[in-house]
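Asker: Sharing a structure, written as structure tokens. Questions coming.
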Amino acid sequence: MPDTSPQKEGYLGGHMLIAMPTLLDPRFQRTVIYVCAHSPDGAMGIIVNRIFGSVTFRELLGQLGIASPDTMDRQVHFGGPVESGRGFVLHSTDRLQEDSLKVDDGIALTGTLDILRSIAHGKGPASALFALGYAGWDAGQLDNEIQDNGWLSMPANYDLLFDSDLDDKWERALALLGVDPLMLSEQAGHA
């Protein structure tokens, strides 16, 4: 995993990436990714508009031995193809853990069981998204993909990020940029 030190000027930590139609990798087609870390060493993000199979949050808590009096079940997201057995909670900064990575003023990333226990008992952050796996890029790889017309980027939109309606999140992200998905070409450099 790349350097997760505080974000630097000119990098995309705290931004959202929106896959362009030219991005043909099926793991990333029509995805929206929140970039948690981006540095000269590489980048790391969480896909925020895909579900991880049929696993529910309640089932996952049960597998981890965490009792949950919480009656509301949550979605488990497919965070990306890297380390798909590792869990991450992308959340608001109102409840930080000792190991939380504060990405920006309102959003943090935590990968410990303690935050899952807090959420299960109703003492977690106001907004939270649980994901298995993450999207990762080696040094310069994300920059090259952006230059090759693979991604659009925009500052993170908190409401869109934590919205549980995933079916049209990609289209809504494009709309926030003023882009009509029907006007996008699947060939780079063509309108």
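The values are calculated or read from the model by the stated rules, or taken from the named source; none is laboratory data. Predicted model only: the values in this text are computed from it and were never measured. Glycine also receives a Cβ, built like all others from the backbone with ideal geometry; neighbour counts cover every protein chain displayed.
Asker: Consider GLY80 carefully, then state whether it is at positive phi, modelled with pLDDT of 90 or more and in contact with a Gly (Cβ under 8 Å, 6 or more places away or on another chain).
Answerer: The answer is yes for GLY80.
Asker: Quick one: in segment 107-117, of everything that is under 20 Å from PHE78 (Cα atoms) and either aliphatic (A, V, I, L, M) or in contact (Cβ under 8 Å) with a residue 24 or more places away in the chain (or both), which residue is surrounded by the fewest Cβ atoms within 10 Å (Cβ to Cβ)?
Answerer: LEU113
Asker: Right, next: Among the numbered conditions (1) surrounded by fewer than 19 Cβ atoms within 10 Å (Cβ to Cβ); (2) of a type outside the set (A, V, I, L, M); (3) closer than 20 Å to GLY13 by Cα; (4) in contact with a helix residue (DSSP H, G or I) (Cβ under 7 Å, 6 or more places away or on another chain), tell me where TRP151 comes up short.
Answerer: It is condition (1) that TRP151 fails.
Asker: Of the residues GLU83, GLU59, which single one is more than 27 Å from GLU145 (Cα to Cα) and either in contact with a Pro (Cβ under 6 Å, 6 or more places away or on another chain) or outside any loop (DSSP other than H, G, I, E, B) (or both)?
Answerer: After ruling out the rest, the residue left standing is GLU59.
Asker: I've got another one for you. For segment 56-86, enumerate the residues that are surrounded by 13 or more Cβ atoms within 10 Å (Cβ to Cβ) and either among the polar types (S, T, N, Q) or free of Cβ contacts under 8 Å to residues at least 24 places away in the same chain (or both).
Answerer: If the condition is that a residue be surrounded by 13 or more Cβ atoms within 10 Å (Cβ to Cβ) and either among the polar types (S, T, N, Q) or free of Cβ contacts under 8 Å to residues at least 24 places away in the same chain (or both), then THR56, ARG58, SER68, GLN75, SER84 are the ones that fit.
Asker: OK, next. Of the residues ALA120, ALA131, which is more than 13 Å from the chain's Cα centre (by Cα) and touching a residue at least 40 places away in the same chain (Cβ under 8 Å)?
Answerer: None of the other options fit; the residue is ALA120.
Asker: If the Cβ limit is 9 Å and pairs must be 6+ apart or interchain, which residue in segment 153-173 that is without any contact (Cβ under 8 Å) to a residue 60 or more places away in the chain and part of a helix (DSSP H, G or I) pairs with which residue that is surrounded by 15 or more Cβ atoms within 10 Å (Cβ to Cβ) and among the basic types (Lys, Arg)?
Answerer: That search, which allows pairs on different chains as well, returns GLU171/ARG30.
Asker: With the checklist (1) surrounded by 14 or more Cβ atoms within 10 Å (Cβ to Cβ); (2) touching a Lys or Arg at 6+ places or on another chain (Cβ under 6 Å); (3) in a loop (DSSP other than H, G, I, E, B) in hand, flag the one item ASP104 doesn't pass.
Answerer: That leaves (2) as the condition not met.
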